[in-house]
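*Asks:* This structure is in structure tokens; I'll ask about it shortly.
The values are calculated or read from the model by the stated rules, or taken from the named source; none is laboratory data. All figures in this text were calculated on a predicted structure; none of them were measured in a lab. Methodologically, a virtual Cβ is constructed for each residue, glycine included, from the backbone with ideal geometry; neighbour enumeration extends over all protein chains shown. In case anyone asks, the SASA skips ligands and DNA or RNA and just uses the protein heavy atoms, side chains included. Shrake-Rupley method; radii C 1.70, N 1.55, O 1.52, S 1.80 Å.
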Amino acid sequence: MSRVFGIELRRSAALGSALILLVVGVLALYFAEGIGFSDGWMQLAMTQRLYLALLWPLALAAGAWQARREHRSKVGELFASTPRRVAQRAMPILGVMALAVIGAYLAMSLAGGLWIVATARYLPVAVFAVTAVGVLSLIAAVWIGLAIGRLLPWPVTAPAAAVAGLGLLLSLPGATRPRGWLALVFSPIYEMNMPDAFAAVPGRVSASQAIWLGALAVTAVMLFASTGWRLRVAAVLPVLLGAALSIAVMPHGGRVVISAIDPVAKELVCAERVCLSRVHTGLRSEIAGPAADGLAVLAKLPEAPALVHEDTSTFVPDDFPRWRTDVVFLRVEAGSDGGLENKDRVRADVVAGAFASDFTCGDAAPLADRYAAAYWLIGREPVAGPDAFADDVALTAVLWKSLRDMPADEAQARVVALRQAALTCSAGDGLFPQDKP
């Protein structure tokens, strides 16, 4: 049997299909929308699932193209005259095409993993479930393609199947409104876009999708190996049972994945006066030094903070860390290179964080005031971040210049007042409440 598989691997479209899927997948990971998986392994697994929008139709087309082989070679009647059953002849090609898509998807994972392996420290078990569902979806796609290609062995079948597959994936969210969770059952890409650093895919979601895709794969095998209408009619049963069971397992709510948060990923791990979420512990070496410098600058203020905590706020769902007067909150984001984004601004961000009020009081000092005070304490001209708004940058520079030009005692008093206002949740007026420049 291994010899048969080897022959099929060489003579079939398996290797070419694997190469195409791998190239398209890696190009999508790195160039489609920028590198959106740099926070960690879950983000990589979800990003791969998003790009099944490209890989799933291609796998469908690859299966349909391969299934035309007997028709192109005009050996259908010859094979039908042999004593081997159709199911036996179908197994090798089913196996090698499945092996091709599995290899391509896992190689795509490896290509993405090599980019983040130096900083990604947190590997939840759910990553394997999310990846397994992605693999199963490609197996189902290539087997469905084989079934379609065998039933409709025309040259146009493969490209038509690819277009139809893409159209199906893109139309499912609209077709299932307002019950968006139905799209999550039947689409492996739905709600997988732009995963947050603390993103999670609930186990019930992965289980439901695995049931549906497994049923779809069984139906595809039955259709591909069928020789008469009875087996083709019976092939409808697995997909009907799979759909019913997967719908029952899937949570019936809106934004099931987008609203999911991994609490373990958000847990703070503390060292060197810096507490980072578990998912960002690999960035500690880039944060610890500048954060300590920022705390040293803040030591000039009364009631100076002593610790830096990562700001683990999420907005879907709304969740904010508990306010503490001895803590500065720092927003941590991984850059496209897998390292820390805006690493040159960590010290300024830490100092500016001392002038931010409690998240729940809704009365924080204006952003420009906070950074003007921070850069005055640091003793250098403000530096604009790459994502800063032009108006904020200009106003920060004006406020900083005003602080620099006034007597040091008066400037110190204004900065101290801004800190005190932040501690009492009344910092809305900023550095110059009456005479803003």
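*Asks:* For LYS300, go through the aspartates and glutamates and keep the ones whose alpha-carbon is under 16 Å away, minus same-chain ones fewer than eight residues off.
*Replies:* In chain and number order, the partners are ASP326, ASP409, GLU410.
*Asks:* While we're here: Leaving ligands, DNA and RNA out of it, rank TRP229, TRP400, TRP65 by accessible area with a 1.4 Å probe, largest first.
*Replies:* If we order TRP229, TRP400, TRP65 from most to least accessible, we get TRP229, TRP65, TRP400.
*Asks:* Also: Rolling a 1.4 angstrom probe over the protein heavy atoms, how many square angstrom per residue are accessible across the chain?
*Replies:* Numbers: 20430 Å² over 437 residues.
With all protein chains present, the chain gives 47 Å² per residue.
*Asks:* Just to be sure I understand: of the beta bridges DSSP finds with both ends in the chain, what percent are antiparallel, rounded to 5?
*Replies:* Among the beta bridges of the chain, antiparallel pairing accounts for roughly 55 percent.
*Asks:* If one computes P(r) from the Cα atoms of region 107-186, what percent of pairs lie at distances over 21 Å?
*Replies:* Summing the P(r) of region 107-186 above 21 Å gives 52 percent of all pairs.
*Asks:* Calculate, in nm to one decimal, what VAL117 and TYR30 gain on full extension: separation in residues at 0.36 nm each, minus their alpha carbon distance.
*Replies:* 29.8 nm
*Asks:* Further question: How many nm is it between the label spots at ARG179 and ARG10, if each spot is 7 Å from the Cα in line with the beta carbon?
*Replies:* 5.2 nm
*Asks:* Still on this model: Do you know the relative contact order of the chain, to the nearest whole percent, from alpha carbon pairs under 8 angstrom that are 6+ apart? All intermediate terms of the calculation are to be shown ahead of the outcome.
*Replies:* Details: 695 pairs, mean separation 64.7, N = 437.
Relative contact order for the chain comes out at 15 percent.
*Asks:* For the pair ALA394 and ALA304, what calculated FRET efficiency results from E = 1/(1 + (r/R0)^6), where r is the Cβ-Cβ distance and R0 = 30 Å, to the nearest 0.05?
*Replies:* 0.55
*Asks:* If I take every Cα pair under 8 Å that is 6 or more residues apart in region 277-426, average their sequence separation and divide by the length, what percent do I get for the relative contact order?
*Replies:* Computed over region 277-426, the figure is 22 percent.
*Asks:* Name all residues of region 20-37 having a backbone nitrogen under 20 Å from the label point set 7 Å from the Cα of LEU168 along its Cα→Cβ direction, giving them as ranges.
*Replies:* Residues 21 fall inside that zone.
*Asks:* I need to check one value: relative contact order of region 197-285, counting alpha carbon pairs closer than 8 Å and at least 6 residues apart, in percent.
*Replies:* Across region 197-285, relative contact order equals 36 percent.
*Asks:* Please report, for the Cα atoms of the chain, the Rg to one decimal and the Dmax as a whole number; what are they, in angstrom?
*Replies:* 28.4, 101
*Asks:* So which DSSP H runs in the chain come out at 27 Å plus along the axis (Cα) with average Kyte-Doolittle of at least 0.5?
*Replies:* Numbers: long enough: 86-116 (46 Å, 1.59); 126-151 (38 Å, 2.12); 203-224 (31 Å, 1.37).
Helices meeting the criterion: 86-116, 126-151, 203-224.
*Asks:* Rounded if a/c is under 1.5, else prolate if a/b beats b/c, else oblate: with a ≥ b ≥ c from the C-alpha gyration tensor eigenvalues square-rooted, which is region 190-274?
*Replies:* Values: a/c = 4.41, a/b = 3.19, b/c = 1.38.
Prolate is the answer for region 190-274, as a/c is 1.5 or above and a/b outweighs b/c.
*Asks:* Using a probe of 1.4 angstrom, how much of the accessible area of region 259-400 is carbon and sulfur, in percent?
*Replies:* Carbon and sulfur together cover 53 percent of it.
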